[in-house]
1. Can you give me the ranges of the helices (runs of 4 or more DSSP H) entirely in the stretch 141-236 with at least 3 residues that are within 26 Å of the chain's Cα centre (by Cα)?
2. Tell me whether the stretch 48-59 contains one or more residues that are farther than 15 Å from PRO112 by Cα and in contact with a helix residue (DSSP H, G or I) (Cβ under 7 Å, 6 or more places away or on another chain).
3. For the condition buried (at least 23 other Cβ atoms within 10 Å of the Cβ), farther than 16 Å from LEU266 by Cβ, in the same structural domain as GLY479 (by TED's automatic domain parsing) and in contact (Cβ under 8 Å) with a residue 12 or more places away in the chain, what is the one hit in ALA414, ALA428?
4. Condition (residue is within 30 Å of the chain's Cα centre (by Cα), acidic (Asp, Glu) and either surrounded by fewer than 24 Cβ atoms within 10 Å (Cβ to Cβ) or under 30 Å from TYR494 (Cβ atoms) (or both)) applied to the stretch 377-384: is it met by at least one residue?
5. Which condition number does ARG620 fail, the rest of (1) buried (at least 16 other Cβ atoms within 10 Å of the Cβ); (2) among the charged types (D, E, K, R); (3) under 31 Å from the mean Cα position of the chain (by Cα) being met?
6. Mind counting the residues in the stretch 631-655 that are at pLDDT 95 or above, within 38 Å of the chain's Cα centre (by Cα) and assigned to a strand (DSSP E or B)?
7. Across the stretch 288-328, which residue is nearest to ILE366 (Cα to Cα) among those that are crowded, with 18+ Cβ neighbours inside 10 Å and among the acidic types (Asp, Glu)?
8. Please tell me if CYS658 is outside the structural domain of GLY427 (by TED's automatic domain parsing), farther than 26 Å from PRO274 by Cβ, out of contact with any Gly (no Cβ under 9 Å at 6 or more places or on another chain) and in contact (Cβ under 8 Å) with a residue 24 or more places away in the chain.
Amino acid sequence: MANRLAGETSPYLQQHKDNPVDWYPWGDEAFARARAEDRPVLLSIGYSSCHWCHVMAHESFENPDIAAKMNGSFVNIKVDREERPDVDTIYMQAVQGMTGRGGWPMTVFLTPDGVPYYGGTYFPPTDRMGMPAFPRVLDAAADAFRTRRQEIETAGVRMRDALKPPQLPEGEAISAAQLDEAATRLVQETDRRRGGFGDAPKFPHPMALDLLLRRSWATRERSFWDAALITLDAMARGGIFDQVGGGFHRYSVDGDWAVPHFEKMLYDNAQLVPVYLHAYQLSDRDDLRDVCTRTLDYLVREMRLPDGGFAASQDADSPGGEGAYFVWTPAQLREVLGDEDGAFAARVFGVTDGGNFEHGTTVLSIPVPLEQVAAARGESLADVRTRVQSIIARLHAARASRVAPGRDGKVITAWNALALRAFAEAGAVLQRLDYLQVAQATAAFLQQHLVRDGIVLRTWKDGTAHVAGFLEDVAHLCGALLTLYEATGDPRHYADALQLGEQIIARYRDSDGSYYDTASDGEALLVRPRTIDDNPVSAGQSGAAEAFLRIAAISGDERWRGHAMEIIAPLAQAIPRAPLAFGSLAAAAEFALGPIREIAIAGERTAADTGALVDTVWHRFDPLRVLAWGESDGVPLLEDRPRRGGAATAYVCHRFVCEAPVTEVAALTQLLDAPA
């Protein structure tokens, strides 16, 4: 018999609907029962592509004896952290404070008022590897609630105070020196041999990598570029990148990027695409462009949903076991490719008889650059690349017969907004109409299904949208629509972004100028959470600040800049201290420092001469510019910027004061090449 999760849309909650545990979804009903029966609450938080969440479910939540113990002593609540990052943020902070570490699955024991008094992450069904058995933990938590109630209540007051976001410091002046210090620190933390920051496990940290690229562009400091490129190349050749199907896994469990944790997250891929795109713009290296396009093609092929929008993730686990879908043996390569190409593929992709993963299998990587492979064989690099591409296509076709990992098909607004922005920017830079069409379709889907009466919602699945949107949802959608406007010249996207910017100020800003994750009219939780760091999605506050600054540059309205500085100034000192956590804030601070180029191109959107000028702007990497083009239609930067002699005309401006207008690509190029 299904429990109360049967009516939920989250695939993660659906995975638990047939558990013998009497699960409740998060909500008033569960806490009302806990108060009425004076029972503690067992809160379990995870997500559908989480390997250890599946393990604990099979070991404990499907076990009738353990479930009976849970049902007898607790009111049990199951939460999808991707749907409710606000709940996850609060209780993760509590668990980290109590135990010194966090992760998922997360198990937290609460009073009927939602105050945590004990918690942890994964608990095995029996005592194992220094971890207490889950049944023993259940008994201890229930006993503590019965016998140490006063102690729990007293500690709860302190816990609630500890969980309240601290008052932000007074705002201070920001400087380019802070950004350069942050980039220098990233260089120092870079693994100079293998790439990445620190040792295993290694995460991509896209915002930190983009900070290095931006500062290398701004300062011409070679060490910033080298540090970024070491990691970008290592990831692109490593097992963290799916060498057959494209797209990035979540992280590498080893220090060489060779063996990933196999889940694929929409947000990782959406945030890494612009980084590789920017590196391509700065270097003109085709292989960096190819990583970008292969990742976008993967998202279209495997993550795009029939109704529109993108799925949240693909599981770490396959029916054949963790990673089984992705790994190969030499014999499997020969079976698909024949002896000669099979042996060649084994060399290129590092496949050996012993393997680097379970059961003698290998996660494909490119341990030796193709340039070295070509030199060793006395062949041209072009010929080797052509042969590798043919092999990849054949392996991909063969892999299609395997049972693919499961997919979490819910649409999350913030993550889809990041994907929308990636497709829009790549489409404009690479002149790929198909990518622009995906971006436009994604925007239409989000606005149709996840914006209700002007209010952004968090998640959609099978026709149902729910959960009030968080700051990251509204901020990233606002920024994505601004990029889509710059890519298409459609003024509706600018107008929609403007409305979302107003919504951020009205609903997520407090009277003291601080911003919170949840709206002022949202559900009352134990505390009102505030996330300031990139973890792992770029912080909503930073996204809001960047969007405000871009609106200010297009509109000329300094009010928007003032709101951006409310976010940036109090946190600026944290950028050089913790650049891995504040890469997106650094991007906003960099934009605030300027100087910003305001580029207006007056002309018919479908005209060839307009397109040529627009392509000239998009071709070059310039993180300190905004672009408005087409007809004015309510876009201030385009007002009073007429076409000259009937031709499309470009205006390059600073604080709405413009250089002499130009109509030729060569003249615009000369203006853009000049110092801002």
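1. Details: elements: 149-163, 176-189, 206-219.
Because the criterion is at least 3 residues that are within 26 Å of the chain's Cα centre (by Cα), the helices (runs of 4 or more DSSP H) in the stretch 141-236 that meet it are 176-189, 206-219.
2. Initially, the stretch 48-59 is screened for residues farther than 15 Å from PRO112 by Cα, giving 48-59.
Subsequent filtering for residues that are in contact with a helix residue (DSSP H, G or I) (Cβ under 7 Å, 6 or more places away or on another chain) retains 48.
Yes, because at least one residue in the stretch 48-59 is farther than 15 Å from PRO112 by Cα and in contact with a helix residue (DSSP H, G or I) (Cβ under 7 Å, 6 or more places away or on another chain).
3. Details: ALA414 fails: farther than 16 Å from LEU266 by Cβ.
Only one candidate qualifies: ALA428.
4. no
5. (1)
6. Number satisfying all stated conditions: 5.
7. GLU322
8. Details: outside the structural domain of GLY427 (by TED's automatic domain parsing): yes; farther than 26 Å from PRO274 by Cβ: yes; out of contact with any Gly (no Cβ under 9 Å at 6 or more places or on another chain): yes; in contact (Cβ under 8 Å) with a residue 24 or more places away in the chain: yes.
Yes.
The values are calculated or read from the model by the stated rules, or taken from the named source; none is laboratory data. Note that the structure is predicted; figures quoted are calculated from it, not measured. Counting neighbours? That spans all protein chains shown, and the Cβs are built from the backbone with ideal geometry, glycine included.
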